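Here the structure comes first, spelled out in structure tokens, and everything after it is commentary.
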Amino acid sequence: MPNIISCCSAKETMHRNTPSVRRHSWLRECRKMTPQQYLLLSVLVLAVLLFFTKWISLTATVILINVLLFFSRVISMGDIFLGLTDSSVILAGAMFILGGAVLKTGAARSAGERITRHIVKERNVMLVFMLLACAASAFMSAIATISILVPIAIGVCQANKEYRLPRLLLPIAIACSAGGMITLIGKPANLMARTLLEENGLGTIGFFEYAKAGIPVSLAIILFMYFWGYRLLPDRPVEIYRPVRDAAEPPESSMAKQRLSVLIFGLVILGFLLESVTDIPLQITALCGILALLALKVITDKEAFTLVEWPTLILVAGMFPMAKAMISTGTADLIAQFFINLMGQNHSPVLFLGLLFALISILTEVMSNTACCALFVPIAIAIGQSLSINPACLVMAVTIASGCSFASPIGTPINAYVMSYGGYEFKDYLRVGIWLNVLSWGVCMVIIPVFWPF
């Protein structure tokens, strides 16, 4: 296993126990920084600020970051566009099309309507929607999932006046975020973490590897919402005045197209599960699925391109140069060393794991989870190898924590999506989300060291 930064000697570790020595050690490290490292740190701070404040769009931020890195001579022209050809970006784009086809044909909505038709009691309806959202978002875009289920939830509340829309939509959004933690394709950040591990020779992440932590976290969240969180949801009537988006319209496709889209999607997922047996890469399996959709005329070429969430794809591809530069220039090592010096002799793997998870889960409430992952996975790798901690353990903490966006309406697009439909206020997210963040932290502190030992 290649080292990213060298381990500290025993003598240095002993001296690091005092705050003054740790401070002087950090200052010495700063004096050794290269101009490239100073520039990269400045761009990193700017990136965090822009992701946090959202003064400009995420796409504009990514473009600005790469332009600044290029003119600072930190990356080359080839590095900027390298992410567009990355295997994880190709897979993410393919899954947007495959999942979008299920939505486009109306197959997902038809299935959801059948399932919820005979469910009684509002809490049980919430449970069914959460299970559907969690399962669907593990295999398709969270935005696609939420756009399928919101119209169905609205229809349920229109059919039964006793059901409150605010008690259904926020749980659906929460379950969509939880479902993204279960599979490799659950969210773009999962794919990015796998790529960064592979590039550093630290192994890979299987299709259902995330499920070891993602399923326990998701189950804990769903059970919490059913038995306790349901009481924390706002209980106020909301007048449905907004027109439902395209997903709410009656399906235009024939029943044959609906069945074909579901069949192709199911075969693609089966191909993913059999990757180790067939030795066919996930990307090729996904592309074969798109080929089948186009050849059987389930969707057209133009529709395939419109189904891709291009801003998300650009964000994923555009953050790879930053992550690569942080490692190649030694900036990730520098930040990791700062945390190590700050801790002194308290090199407890459990402490590092807990602090890292808590930090990411806070930042992801105001930043894109993909951006969080891109910025902190290289740092997690550096810390892990410096302290002889399994890097996969810390990377898993960063990736799972980046999906815990429950306490803010701006944490993820799906949180924002349901805000006006459900008439939610910021405090509604906070009231439920804080408990879910703490719960997720507690579950992962137990689960992660078991499956990815220190």
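Taking 0.36 nm per intervening residue step and subtracting the Cα-Cα distance, what contour gain separates Leu270 from Arg231 on full extension? Walk me through the numbers on the way to the answer.
Working: separation 39, 0.36 × 39 = 14.04 nm, distance 3.87 nm.
Taking Leu270 through Arg231 to full extension adds about 10.2 nm, to one decimal.
Rounded to two decimals, what ratio of Rg to Rh does the stretch 134-198 give with C-alpha atoms and a Kirkwood Rh?
1.15
Per 0.36 nm of contour for each residue apart, how much would the distance between Leu84 and Thr59 grow if the chain were fully extended, relative to their Cα-Cα spacing?
7.6 nm
Going highest first, how would you order 214-222, 267-275 by mean Cβ packing within 10 Å?
Working: 214-222: 21.6, 267-275: 16.7.
Descending packing order for the listed peptides: 214-222, 267-275.
Trypsin sites (Lys or Arg not before Pro) within the stretch 114-148: which are DSSP loop residues with at most 11 other Cβ atoms inside 10 Å?
Numbers: sites: Arg114, Arg117, Lys121, Arg123; in loops: Arg117, Lys121.
When the trypsin sites (Lys or Arg not before Pro) of the stretch 114-148 are filtered for loop state and at most 11 Cβ neighbours within 10 Å, Arg117, Lys121 remain.
Of Lys187/Lys324; Lys212/Lys302; Lys324/Lys427; Lys121/Lys427, which pairs sit farther than 28 Å apart, going by alpha carbon to alpha carbon?
Details: Lys187/Lys324 20 Å; Lys212/Lys302 38 Å; Lys324/Lys427 38 Å; Lys121/Lys427 26 Å.
Correct reply: Lys212/Lys302; Lys324/Lys427.
Evaluate the distance, in nm, between pseudo-label points positioned 7 Å from the Cα of Met255 and of Asn160 along their respective Cα→Cβ axes.
2.7
At q = 0.10, 0.20, 0.21 Å⁻¹, what log₁₀ I(q)/I(0) does the stretch 62-202 have when each alpha carbon counts as one equal point scatterer in the Debye sum?
-0.46, -1.11, -1.18
I'd like to compare 257-266, 180-189, 35-44: which one has the highest average count of other Cβ atoms within 10 Å, and what's the full order after that?
Peptide ranking by packing, descending: 180-189, 257-266, 35-44.
Work out how much length Arg73 to Val120 would gain on full extension: take 0.36 nm times their residue separation and subtract the Cα-Cα distance, in nm to one decimal.
10.7 nm
Taking a quarter of the surface of the Cα convex hull of the stretch 32-451, what do you get in nm²? Don't skip to the end; give the middle numbers.
Numbers: hull surface 81.9 nm².
Answer in nm², one decimal: 20.5.
Taking the mean number of other Cβ atoms within 10 Å as a proxy for protection, how do you rank 381-390, 352-361, 315-324 from highest to lowest?
315-324, 381-390, 352-361
Values in this text are rule-based calculations from the coordinates and carry no lab data. Everything quoted here is computed from the prediction, not taken from an experiment. When we count neighbours, we look across all protein chains shown, and the Cβ atoms used for this are built from the backbone with ideal geometry, even at glycine.
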